[in-house]
Amino acid sequence: MFTRIDHIGIACRNLDEAIRFYRETYGFEVTHEEVNEEQGVREAMLRINGTDDGGASYLQLLEPICDDSPVAKFLERHGEGVHHIAFGTADVAEAAATVRERGVRVLYETPRNGSMGSLITFLHPKDCGGVLTELVQARTDGAPSAE
C-alpha cells in the first residue's frame, strides 16, 4: 500500500530562517517552494534522496500564512517541530479506503491538492498513535505543478 516515507512535515515560524538552517547545517537544498492557500501555508520541499520507485523523500518546511491555519494552531500549542509524517502511495484514494476499512478516520472525504501537484489526505492522529499522518500520491506525468 505504501512505497516510501514521502516527507516529514516540520512546522516553523519563519520559512527563510528554517531553510537557511537546513542548508547550512545539513547541506539540503530547496527543490520546490509554493504557497498552498487551501492549507494556509507557505512551504519548501528539501529533497533528501531518491528511491527505486522513482519517488523521493523530502523534508517539508511549513510556515503559516494565516492565524487560523492548522499549522498556525499547531505552532500555538506545540511550538516549532515535527508536524506530520507522510507516506507515499500509488493511489491515495485506494489507500485511504483501505485504512478507513481498518477503523482509521480519514480527514478528507476526497483527496485534495498537495505540494508539487500531488493528491493528499490526512489520517486522524488519535487513530494513529498521536501522529498526524498524511497519504501522498505524487504527480507522475512529469508536468510542472499547476500551483
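What the table shows:
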read-out	value
Qualifying positions in segment 109-128 - surrounded by 14 or more Cβ atoms within 10 Å (Cβ to Cβ) and over 14 Å from the mean Cα position of the chain (by Cα)	125, 127, 128
Every residue from segment 53-73 that is closer than 15 Å to residue 132 by Cβ and in a loop (DSSP other than H, G, I, E, B)	69
Filter result for the condition that a residue is hydroxyl-bearing (Ser, Thr, Tyr), closer than 21 Å to residue 91 by Cα and either open to solvent by less than 70 Å² (accessible area, probe 1.4 Å) or modelled with pLDDT of 95 or more (or both), over 58, 22	58
Which numbered condition residue 44 misses (of (1) without any contact (Cβ under 8 Å) to a residue 24 or more places away in the chain; (2) over 28 Å from residue 100 (Cα atoms))	(1)
Qualifying position, being within 16 Å of residue 7 (Cα to Cα), of a type in the set (Lys, Arg) and either open to solvent by 90 Å² or more (accessible area, probe 1.4 Å) or modelled with pLDDT under 95 (or both), among 100, 105, 139	139
Any chance residue 37 is closer than 18 Å to residue 132 by Cα, loosely packed, with under 14 Cβ neighbours inside 10 Å and not polar (S, T, N, Q)	no
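The values are calculated or read from the model by the stated rules, or taken from the named source; none is laboratory data. All figures in this text were calculated on a predicted structure; none of them were measured in a lab. When we count neighbours, we look across all protein chains shown, and the Cβ atoms used for this are built from the backbone with ideal geometry, even at glycine. Remember, those area values only see protein heavy atoms, side chains included, never the ligands or the DNA or RNA. Shrake-Rupley method; radii C 1.70, N 1.55, O 1.52, S 1.80 Å.
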